[in-house]
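Asks: Submitted below is the structure of interest, expressed as structure tokens.
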Amino acid sequence: MAIVIFAVVFALTILLQQWLHRHIQGFALALTGNPGCALRLLFYLLLPGILLHEASHYVVARVLLVRTNGMQIGIGRAKKKQVSLGSVNIQRADPLRESLIGIAPFAVGIAAIWLIAAMGFDLWPDRGVSLALMLQRVQEYSHDWTTWLDLYLIFAVSTAMIPSESDREPWGPVITFLGVGTAILFLLGWTPRVSPDIVLLARNLLDALTFALGIAVIVNGAVAVALWVLEQTVARLSGKRAEYRVRRR
């Protein structure tokens, strides 16, 4: 059941990220009529998350002894006519190290959300945590401006931490190798024996991931609702509305 809950929350995190990226630009476009302004608004809103995303790539690459040509923060063109908000030029390496570099922003983003929840809302793991308690703390601390800063940082980090398409490119060979290797071991009669300590550790890790992503879903869901209301208001007052088209591959 815990795996199912995690999968649902993870899927919602990705869907909300994609929805917010489109509609933040759509709202600014309807408001100003300037595509460049719309893209800049998205960039500045997500800047803390973009910085953390690219810094994660850079630091992990250096730790794994993979050469880099520096880190770039800013709006630029990426391949396949996509727009980049930041990038790290990394020298080619083996798929395992490239996969670890690619997943680094997600791992660091989860850690950052946990740190914000702990320091900003006094939700430390050894004292017991839950999403209900998180909502209670937000209500209790709503008079403090730093509460809204913490929520903004959660929004910025969580909407920029999902690995991009280029980050996921090296995952295929690694997943294939692990899958084939595991299948061969099973065919040879290997039966895994997992100690209770490892099972408990895996469950705690899964719960930690679900909690952090749950916070992201709640915060980003609230932002999405507010943004949708603003979009509808602008559309009614000005008659301008952005059209969203699903890109077909």
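No value in this document is a laboratory result; all are computed from the given coordinates. Computed from a predicted model, the values in this text were never measured in an experiment. Virtual Cβ from ideal backbone geometry, glycine too; neighbours counted across all protein chains shown.
Asks: Could you tell me the calculated FRET efficiency between LEU115 and GLN232, based on Cβ-Cβ distance and R0 = 41 angstrom, to the nearest 0.05?
Replies: Given R0 = 41 Å and the Cβ-Cβ separation, E is 0.70.
Asks: What does the charge count near GLN91 come to, summing +1 for each Lys or Arg and -1 for each Asp or Glu among other residues with Cβ under 15 Å from its Cβ?
Replies: Neighbourhood net charge equals +1.
Asks: What does the charge dipole of the chain about its Cα centre add up to, to the nearest 20 debye, if the Cβ of each Lys and Arg holds +1 and the Cβ of each Asp and Glu holds -1?
Replies: Using only the charged Cβ atoms, the result is roughly 1180 debye.
Asks: So what's the net charge close to ASP122: Lys and Arg +1, Asp and Glu -1, counting the other residues with Cβ under 14 Å from its Cβ?
Replies: -2
Asks: First obtain the Kirkwood hydrodynamic radius of region 1-105 from its Cα pairs, then insert it into the Stokes-Einstein equation at 4 °C and 1.567 mPa s, and state the resulting D in µm² per second as a whole number.
Replies: Estimated diffusion coefficient is 83 µm²/s.
Asks: What's the exposure ranking of MET1, MET161, MET119, MET71, going from fewest to most Cβ atoms within 10 Å?
Replies: MET1, MET119, MET71, MET161
Asks: How large is the Kirkwood hydrodynamic radius of the chain, counting all unique pairs of alpha carbons, in Å?
Replies: Over the chain, the inverse of the mean reciprocal pair distance is 20.3 Å.
Asks: Between LEU51 and ALA222, what length comes free when the chain is fully extended (0.36 nm per residue of separation minus the Cα-Cα distance, one decimal in nm)?
Replies: Full extension from LEU51 to ALA222 adds 59.2 nm.
Asks: In vacuo Debye scattering of region 117-177, one point per C-alpha: log10 I(q)/I(0) at q = 0.14, 0.19, 0.22, 0.28 Å⁻¹?
Replies: -0.57, -0.75, -0.87, -1.19
Asks: With Cβ to Cβ distances under 14 Å as the rule, what net charge do the other residues near VAL59 carry (K, R +1; D, E -1)?
Replies: Value of the local net charge: +2.
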